[in-house]
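I have placed the structure first, in the form of structure tokens, so that the comments after it can refer back to it.
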Amino acid sequence: MNKIIPTTLTIILIFSSVIILAQGSPPGGPGGAPCWPPPCVPIDGGISILVAIGAFFGGKSFYDFLKTKH
């Protein structure tokens, strides 16, 4: 049971770092495709950070839950 917690936290850390550091190329080449409707707002960076923060707090609450269970 003691190895489950570090393993789970390691997996969460790996997946959250992959989400944060993943960079994709824009569609349509280096110039990118024109967006429609005109006010284009990139939301990728903010969502990645929110997912990483959520994974961190979820892992911490899971760890605290298992800690208080004993």
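What follows draws every value from the coordinates through simple rules; no lab data is involved. Given the structure is predicted, the values throughout are model-derived calculations rather than measurements.
Remark: the Leu50-Lys69 segment gains 4.0 nm on full extension, using 0.36 nm per residue and subtracting the alpha carbon distance.
Here the 3J(HN,Hα) profile of the range 54-66, calculated from phi with Karplus coefficients 6.51, -1.76 and 1.60 at θ = phi - 60°, is x, 5, 5, 5, x, x, 5, 5, 5, 5, 5, 4, 5 Hz, Gly and Pro shown as x.
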